[in-house]
Amino acid sequence: MASPMSADRLLKALRDEGLAVVEVGSWRTNNRNHKGPWGPVHGVMIHHTVTSGTANTVSLCYNGHSALPGPLCHGVIDKAGKVHLVGNGRANHAGLGDDDVLRAVVAETALPADNEANTDGNRAFYGFECINLGDGKDPWPAAQLEAIEKASAALCRVHGWSQRSVIGHLEWQPGKVDPRGFTMSSMRSRIGARLAGPPEEEDMTPEQARQLKELHEQRRVAPWTYKGKTQPTRDAFDFLVDTDTTVKEIASRVSGASSVELTDAQVAAIADRLAEHPTFASKIAEQVAERLAAARAED
């Protein structure tokens, strides 16, 4: 349980985490507090917008629309990784969700399946809307994923929460799918590493967890290289998490294709291609699926 941050404290927390922050209009007093309580707060909720374009998305989240007045979140995270603050206080973003999920967030334990909509989430969660079409094809740039990680960690750091206080809308309200295009488990692993906490264990072996922790400890020490090229903008931890997410998405999208035999050289070539472009999961998956389908047709 925690009291919500003041506008000044929220702004400072985000900037202290290294984020570029844009203050939109009268965001400090833009809220729905007259419709219900704001706080105590228990966590951070991540959404995708199902929109494109920064200006119109920020405007929509600030003002809302005829069926749902704004603000629709507290901050909008754009494709370039900037956080646009649009609200401070109660916001129309979480809606009704599962009380069992809220109890798990408060206790920072594994989340149960969300199968009820009986609890006010707008009171209990900070919300970040992240610009993405949510169709499973629109890419998530590395800068945007890093901003989601940083923004979530910034709020957790202030309140003394672990990464388990960060959830996706799909984990709160039955029928929701957002955010789509990366897993909340992988994002919580990133947040946990930034907070120097243990990574999520359900998607990795103990050895992988150890390696990720080791990479995180080294991530601020020196630049790293891949195939002789310096990687100045993305550290090794981000690289591995993004590539892991890419591989999982490709596996799910080509699961319906017939199995094929790949030579060691072909496997190595695919691995190198993925490593060079870890955020283009959907595009690569489409190309792989098309080629497998064509090969099956020729057979």
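A few points about this structure:
- Number of the exception - residue 136 against (1) modelled with pLDDT under 95; (2) open to solvent by 30 Å² or more (accessible area, probe 1.4 Å): (2)
- Pairs with Cβ under 6 Å, 6+ apart, first in the range 147-176 and basic (Lys, Arg), second part of a helix (DSSP H, G or I): 176/169; 176/170
- In the range 26-56, the residues that are under 18 Å from residue 168 (Cα atoms), out of contact with any Gly (no Cβ under 7 Å at 6 or more places or on another chain) and part of a loop (DSSP other than H, G, I, E, B): 42, 49, 51
- Test: residue in the range 67-79 that is acidic (Asp, Glu), touching a strand residue (DSSP E or B) at 6+ places or on another chain (Cβ under 8 Å) and closer than 26 Å to residue 186 by Cβ: yes
Okay, residues lined up against (1) over 17 Å from the mean Cα position of the chain (by Cα); (2) over 23 Å from residue 131 (Cα atoms); (3) assigned to a strand (DSSP E or B):
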site: 8; (1), (2), (3): yes, yes, no
site: 14; (1), (2), (3): no, no, no
site: 58; (1), (2), (3): yes, no, no
site: 61; (1), (2), (3): yes, no, no
site: 80; (1), (2), (3): no, no, no
site: 91; (1), (2), (3): yes, no, no
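- Subset tally (residues that are open to solvent by 10 Å² or more (accessible area, probe 1.4 Å) and either closer than 17 Å to residue 132 by Cα or among the aromatic types (Phe, Trp, Tyr) (or both)) for the range 65-77: 1
- Residues (out of contact with any Leu (no Cβ under 9 Å at 6 or more places or on another chain) and small (Gly, Ala, Ser)) located in the range 80-110: 80, 89, 94, 95, 97, 107, 110
- Residue list for the range 25-81, filter: among the polar types (S, T, N, Q) and in contact (Cβ under 8 Å) with a residue 40 or more places away in the chain: 29, 30, 31, 33, 49, 51, 52, 54, 57
The values are calculated or read from the model by the stated rules, or taken from the named source; none is laboratory data. Source: prediction; values computed, not measured. Heads up, the Cβs are rebuilt from the backbone with ideal geometry, glycines too, and the neighbour counts pull from every protein chain shown. Areas reflect the complete protein model, heavy atoms only, side chains present, ligands, DNA and RNA absent. Shrake-Rupley method; radii C 1.70, N 1.55, O 1.52, S 1.80 Å.
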